[in-house]
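I am attaching a structure below and will ask some questions about it afterwards.
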Amino acid sequence: MNKKMNIFILGILIYLSTSIPSMCDVISGQVNQNEIKNNKSKIVDSMTQAPISGAAVSIPNLNYKTKSAKDGSFELNTDITKKVILSVEKEGYRPFSLTIDKNMASKPLKLGIERTQAGDITIQSDLCHLGDDVFSDTSANSSEFRIRSSGPYLSKSFKIAPLKNNEKAVLIIGSIIGLDTKLAKEMGQNQIAHVYSSPAEIYFNGERIGELNLNGDNQEIEIPRQLIRTNNELTIKTGRNLFQHAYIDYDDIEIAGIRLEIKQK
Ligand SMILES: [Ca+2]
């Protein structure tokens with residue numbers, strides 16, 4: 001299979017895994033009755049299940065920030081009407097992000113965060129808006145955009161230590177919302193009737209290594225080994241409305257938690 005097909009299938013898998021109702025179980029594990037009564041969400045270590053205190057929980061688009069308490073609990077005292085990206089940051093842990101909606105936010109969430117591993121690189125943990133701040137009300141999640149666009153692309157430089165033979169570098173896009181591609185439309189991720197945008201494109205050291213067609217969490221793209229140097233540059237370009245020819249209308253998207261993991265082959 002070619003790379004495009006792989007990414008397409010990955011996209012579908014991610015879409016399916018984020019759209020089935022049992023997703024809450026996947027991320028929340030077992031929530032005891034007491035927690036449900038208090039409607040308190042919790043941050044735990046994904047390995048040990050131990051509560052994590054002092055983790056910064058934020059929903060940048062709602063300007064909402066809080067911290068987890070001693071027992072790892074936190075509350076989302078904010079009105080969530082549409083899909084937004086929730087981020088968790090804690091020193092010694094990988095940046096965590098999750099796309100949540102009204103339904104998910106109405107129940108306690110149990111979020112397992114992972115300890116940082118050797119070779120992890122955080123490329124961009126903060127939420128970033130790409131586009132031109134011009135979008136229709138029916139675009140995927142557009143009404144929740146509060147962060148101003150930083151333009152149609154994001155470029156970041158970072159170092160990578162030489163890979164061992166049995167290792168591979170994988171780019172992880174923590175969360176992405178707002179993509180109005182043909183596939184996103186077909187998957188019901190937006191309500192736009194007729195038009196769509198080209199996918200967001202990912203360039204690594206000047207080479208196009210993949211594209212993002214679907215909104216969701218934890219999309220992975222393997223970085224071709226031969227492209228990796230000591231100093232590297234990642235660029236993510238948002239797509240453009242393919243039906244607007246009078247001017248360039250960039251697809252307005254939001255991305256959080258862009259990072260790199262070194263994995264065993
Ligand atoms: Ca736009």
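Only the coordinates and a few stated rules stand behind these numbers; no lab work does. Note that this is a predicted model, so its numbers are computed, not measured. Every residue, glycine as well, gets a Cβ built from its backbone with ideal geometry; the counts of neighbours run over all protein chains shown.
Using 32 Å as the Cα-Cα cut-off, could you pick out the over-long pairs in Lys168/Lys237; Lys82/Lys156; Lys82/Lys182; Lys107/Lys237; Lys40/Lys265; Lys40/Lys159?
Working: Lys168/Lys237 24 Å; Lys82/Lys156 29 Å; Lys82/Lys182 21 Å; Lys107/Lys237 35 Å; Lys40/Lys265 39 Å; Lys40/Lys159 39 Å.
From the list (Lys168/Lys237; Lys82/Lys156; Lys82/Lys182; Lys107/Lys237; Lys40/Lys265; Lys40/Lys159), the Cα-Cα distance tops 32 Å for Lys107/Lys237; Lys40/Lys265; Lys40/Lys159.
Report the trypsin sites (Lys or Arg not before Pro) located in the range 66-100 that are in a DSSP loop and have at most 10 other Cβ atoms inside 10 Å of their Cβ, or state none.
Values: sites: Lys67, Lys70, Lys82, Lys83, Lys90; in loops: Lys70, Lys82, Lys83, Lys90.
Those satisfying the criteria are Lys70.
Among the aspartates and glutamates, which fall within straight-line cross-link reach of Lys263, defined as a Cα-Cα distance under 18 Å, with same-chain neighbours fewer than 8 residues apart omitted?
Hits, sequence-local ones excluded: Glu114, Asp120, Glu167, Glu220, Glu222.
Here's a follow-up. Looking at the range 50-119, which chymotrypsin sites (Phe, Trp or Tyr not before Pro) are in a loop (DSSP not H, G, I, E or B) and have at most 12 other Cβ atoms within 10 Å? Present the calculation step by step, with values, prior to reporting the outcome.
On the way: sites: Tyr64, Phe74, Tyr93, Phe96; in loops: none.
Taking the range 50-119 and a limit of 12 other Cβ atoms within 10 Å, no loop chymotrypsin sites (Phe, Trp or Tyr not before Pro) are found.
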